[in-house]
Amino acid sequence: HKKLKSFPKDFLWGSASAAYQIEGAYREDGKGLSVWDQFVRIPGKTFKGTNGDVAVDHYHRYHEDVELMAKAGLKAYRFSIAWTRIFPNGNGEASAAGIKFYSDLIDDLIAHNIEPLVTIYHWDLPQALQDEYQGWESRQIIPDFVNYAKTLFENYGDRVKHWVTLNEQNVFIQHGYLMASHPPAVKDPKRMYAANHIANLANAAATKYFHEHFDGEIGPSFAYSPVYAVNADPENQLAADNAEQFNSYYWMDIYAYGHYPDAIRQWQEEQGIAPEITAEDAALLADPLARPDFMGLNYYQTATVQANPLADGIGLAPENTTGKKGTKQESGIPGLFKSATNDYLQTTDWDWNIDPVGLRIALRRINSRYHLPVLITENGLGAFDTLESSHEIHDDYRIHFLREHVKAIHEAISDGVQVVGYTTWSFTDLLSWLNGYQKRYGFVYVDRDEQDERELARYPKDSFYWYEQVIATNGEDL
Ligand code: BG6
C-alpha cells in the first residue's frame with residue numbers, strides 16, 4: 001500500500017447546498033421570482049410536480065441548521081445566494097432584506113467557527129431578466145451579473161474568502177438549451193453554444209472584477225465526470241478523448257486558459273453552430289485577471305463511451321435525470337462518441353455510477369492539465385432513506401460511499417494534487433431539482449415528502465456522526 005500524506009491542517013471539511021433547494025420562503029421579504037419558480041409550475045417537469053416554495057424552510061430555520069453544522073464540527077459550509085433576494089428584478093435597486101439575510105447567516109457561521117464559501121450563481125436566474133432579454137442568451141446579462149457579484153463582494157467580502165462564480169455551467173447550459181430539462185427548456189445546439197459563450201464572458205468579467213478590487217479566492221464549480229473508453233480499441237480510445245474534450249475541456253480550458261479546444265471549434269464551424277467570438281471577447285477570456293484561483297470540482301460519477309460511427313450515430317439524448325433505475329438512454333454525438341455501460345461499476349438508486357477511483361482520476365487530470373488547486377465543492381450519494389420510529393436513520397450505504405471517496409481524495413493528495421477542501425452534497429436533505437424530496441443526500445434527515453411538509457423536523461443520520469469523527473481526526477479515522 002502507498003504511504004499516505006496527511007490531509008492539510010487547514011483542510012476545509014464541509015458540506016454544500018443551493019438556495020433554491022433549501023430556503024423556501026419563495027415570495028417573502030420582497031424576493032423576486034426566478035426561472036425555477038416558474039419552470040417547476042409547468043406540468044410534468046419535476047417528480048410529482050415538486051417545487052422549492054417551502055423546500056426545507058432553511059430561510060426560517062438557518063440558525064438551527066448552523067447549530068447542527070457546528071455539532072458535526074464542519075469547518076466550512078458552501079451555500080448559494082439567491083440573486084432574486086438581492087435584486088428581485090435582477091438589476092436596479094438592491095433589497096436591504098435580502099442583503100441582511102445572508103449577512104446574518106454569514107455572521108452565524110463565523111460565530112460557530114465555520115467558514116462561509118459562497119456560490120454566486122446556482123441556477124436561479126431572475127425571471128425578470130429572462131423576460132427582459134432572454135437571460136443567458138443576451139450580452140446584457142454580463143453587466144447585470146457583474147453588478148450582482150460586485151454587490152455581494154462589497155457586502156460580504158470582509159467575511160467571505162472563497163467565492164464560487166457559476167455552479168456547473170456545463171449542466172445548466174446543456175440542460176437548459178440542449179435537453180430542455182431545465183429552464184428555459186430550449187433544444188437548440190446553436191443557441192446552447194451562444195448562451196454558453198456569454199456565460200463564459202460573464203464569469204470572466206466577474207472574476208476579473210474581483211481580482212482587481214478584492215482579496216480572497218474565486219473560481220467556478222465544474223461538474224466533471226472523467227471519461228473512460230469501453231476497451232482498448234483505438235477507435236473507442238479516440239471516442240473517449242472526444243467525449244473528454246466535448247464534455248469537460250470545452251469548459252475547463254476556458255476557465256484555466258481562456259481559449260476553446262481547437263477540435264471543437266473546428267467541429268462547430270462544420271456544423272454551423274459556432275458561437276460568435278469578437279476580438280474583445282477573446283481578450284477578456286485570455287486576461288490573466290480572469291483566471292480562477294482554484295478549480296471547483298463537483299464529482300458524482302465517471303462516464304464510459306465507445307465509438308459512434310456517423311452512419312448509425314446516436315444523437316444527444318437527455319440524461320436519466322428523473323428516471324427510475326434501469327431506464328438510462330444511450331446518448332452521444334454522431335461521429336464522435338456515444339455512451340457505453342461500464343461492467344465494473346455498481347450504480348445508485350438513480351443509475352449513477354459509483355466510482356471512488358474516478359474521483360482520484362478527476363483530481364489528477366485537473367492537476368496535470370491545469371495546475372490549479374482543487375476545491376471539491378460537491379460529492380455525495382442520492383438515495384432513499386428510512387426514518388425509523390426511534391428517529392434514527394441507518395445510512396450505512398452513504399457512509400460506505402463517502403468513506404471510499406475520502407480515501408480517494410487522500411490518495412490524490414498523496415499523489416501530489418493540492419486539494420483545499422471537501423464540501424459534501426449535502427448537509428441537510430433538500431430538494432433535488434427534478435427528483436423531488438425522495439432522493440436524499442444529507443447528513444441530516446428532514447422529515448417531509450413531496451406532498452406533505454409535516455413538521456420539517458431535522459434528525460441526524462448515522463452518517464452525521466461518522467462525518468463528525470472524520471473531521472475531528474482530520475480524515476485519519478474513517
Ligand atoms: C449537482 C447540483 O448537479 O448535483 C446540485 O449542483 C444537485 O444542485 C446535485 O442537487 C445532485 O443532483 P440531483 O439531480 O441528484 O439532485
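Annotations
- Evaluated against (1) open to solvent by 10 Å² or more (accessible area, probe 1.4 Å); (2) touching a residue at least 12 places away in the same chain (Cβ under 8 Å); (3) more than 16 Å from the ligand (Cβ to nearest atom); (4) part of a helix (DSSP H, G or I), K100 falls short on exactly one condition, (2).
- The residues of the stretch 449-470 that are more than 16 Å from the ligand (Cβ to nearest atom), open to solvent by 10 Å² or more (accessible area, probe 1.4 Å) and in contact with a Phe, Trp or Tyr (Cβ under 8 Å, 6 or more places away or on another chain), listed by number, are R458, Y459, P460.
- Only one of A72, A55 that is under 19 Å from the mean Cα position of the chain (by Cα), modelled with pLDDT of 95 or more, closer than 28 Å to I218 by Cβ and of a type in the set (A, V, I, L, M, F, W, C): A55
- Verdict on F172 being on the phi < 0 side of the Ramachandran plot, in a helix (DSSP H, G or I) and more than 16 Å from the ligand (Cβ to nearest atom): no
- In the stretch 135-159, the residue that is surrounded by the fewest Cβ atoms within 10 Å (Cβ to Cβ) out of those that are among the aromatic types (F, W, Y) and farther than 29 Å from K45 by Cβ is Y156.
- The stretch 433-448, subset open to solvent by 10 Å² or more (accessible area, probe 1.4 Å) and not in a loop (DSSP other than H, G, I, E, B), residue nearest to K407 (Cα to Cα): R440
A quick yes/no check of all residues on (1) open to solvent by 30 Å² or more (accessible area, probe 1.4 Å); (2) aliphatic (A, V, I, L, M):
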{"site": "S339", "(1), (2)": "yes, no"}
{"site": "N342", "(1), (2)": "no, no"}
{"site": "L345", "(1), (2)": "yes, yes"}
{"site": "D351", "(1), (2)": "no, no"}
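- Of the residues making up the stretch 103-117, those that are outside any helix (DSSP H, G or I) and either over 22 Å from D29 (Cβ atoms) or acidic (D, E) (or both) are H112, N113, I114, E115, L117.
Yes/no per residue for (1) outside any helix (DSSP H, G or I); (2) away from the ligand (no atom under 16 Å from the Cβ); (3) at pLDDT below 95:
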position: A206; (1), (2), (3): no, yes, no
position: G219; (1), (2), (3): yes, no, no
position: F222; (1), (2), (3): yes, no, no
position: S225; (1), (2), (3): yes, no, no
position: A232; (1), (2), (3): yes, yes, no
position: N236; (1), (2), (3): no, yes, no
position: A243; (1), (2), (3): no, yes, no
position: S248; (1), (2), (3): no, no, no
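- Among the residues making up the stretch 1-36, those that are within 16 Å of the ligand (Cβ to nearest atom) and farther than 24 Å from A457 by Cβ are S34, V35, W36.
- When F222, F214 are checked against the criterion of being surrounded by fewer than 18 Cβ atoms within 10 Å (Cβ to Cβ) and touching a residue at least 12 places away in the same chain (Cβ under 8 Å), a single residue qualifies: F214.
- Just one of (1) more than 22 Å from L74 (Cα to Cα); (2) open to solvent by 20 Å² or more (accessible area, probe 1.4 Å) fails for H162. It is (1).
Okay, residues lined up against (1) away from the ligand (no atom under 13 Å from the Cβ); (2) farther than 25 Å from K48 by Cα:
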site: P373; (1), (2): yes, yes
site: H405; (1), (2): yes, yes
site: R440; (1), (2): no, no
site: V446; (1), (2): yes, no
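- Tally, over the stretch 67-82, of residues that are touching an Asp or Glu at 6+ places or on another chain (Cβ under 6 Å) and open to solvent by less than 10 Å² (accessible area, probe 1.4 Å): 3
- When every residue of the stretch 381-398 is checked against the conditions, at least one turns out to be within 16 Å of the ligand (Cβ to nearest atom), at pLDDT 95 or above and assigned to a helix (DSSP H, G or I).
The values are calculated or read from the model by the stated rules, or taken from the named source; none is laboratory data. None of the values given here were measured: they were computed from a predicted structure. Neighbour counts are summed over all protein chains in view; Cβ atoms, including those assigned to glycine, are modelled from backbone coordinates with ideal geometry. The protein model used for the area step is the full one, side chains on, heavy atoms only, and it has no ligands, DNA or RNA in it. Shrake-Rupley method; radii C 1.70, N 1.55, O 1.52, S 1.80 Å.
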